[in-house]
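Report on one structure; see the data block that follows.
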Amino acid sequence: MSDLEKTKRFNVEDIKVNDDKKKQVKSFDEAIDKFEKTLHEHKNSKEFKGGKFELKEEPDFIDEADEEVDYDLASIVKNEYQEKTIIGMSIPREKAIGIACDHRGYKLKQKLTKYLVKKGYTVVDFGTDNKNSVDYPRFGFRLGEAVADYEVEKGIAICGSGIGISIACNKIKGVRCAKVDNVKETKYARKDNDANVIAIAGNMPVFRAKDIVDAYLKTNFTGLERHKKRIEMLDNRG
C-alpha cells in the first residue's frame, strides 16, 4: 500500500500519541512556561525610550524543544484541514460591503474602500478598476446582483452624478438603491425604505462621502408595518 493510500485511510480522531510524543509535548509546554516566567521576572526591568517602555535587556531564553519536537501526522492533517476550511469559508454577510463605480467614481471608490477596510469591513470591489471610460450600467448591474443574491449585505454605487448607476442598480429585482446627497437623506433611506444600496456622486467631497457611508451603515430600518408593506410592494413589482 502506498504512502498516499495510507494517508487517505488515516483517521485523525483515531490517532493515539505514543509516550515519546507525550514527552515532547510536555517538554514544549515546559519551555513555554519558562519563557512566560522569564518575561514576568523582567517586568520591572523596563525603561522609558522613544515614547514607550522597553526591556533593558532581552530575556535569556532558548526554546530547547523547537529542534526536538517532530510534529506528528495528527498535527499535520489537522492544520491542513483547518487551512482548507478557512479558504472555503464564505465572507460574513453582515460585514461584507459591495462597492462599484464607473470611471468618474473611481477615485472616490478607492478612498472609500480604504476607509471601510480600516473600520473592519470586508469590501467586495465590483469595478471599475481604472479611470478609463466605461459604461456605468455594467457595474451597477454587478453590484445589484450581488446584493440581491445576498453575496454582500449592502452596496455603495458611485458614478459622475450618482443618478445613472442608481437606475442601473434598481433594475435588479430586490434592490432598493437610494441616490443620496447628505446624511439626512441617507438616514431616511435606511429608516423608512430599508435601502440596501446607496448611490453617490463621484465629485462629492471625501469627508461628506465618509459621513454618508457611516450613516448608511449605522442606521437601521425601523421595521414599522407601514414601511414593511410599502417595501413589499417595491420588491414584488416586476
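Brief remarks on what is shown
- Scanning the stretch 163-197 for residues that are at positive phi and modelled with pLDDT of 95 or more returns a single hit, ASP194.
- Test: residue in the stretch 192-202 that is closer than 23 Å to TYR150 by Cα and out of contact with any strand residue (DSSP E or B) (no Cβ under 7 Å at 6 or more places or on another chain): yes
The values are calculated or read from the model by the stated rules, or taken from the named source; none is laboratory data. Quick caveat: nothing in here was measured; it's all calculated off a predicted structure. Here Cβ is always computed from backbone atoms with ideal geometry, including for glycine, and neighbour counts include all displayed protein chains.
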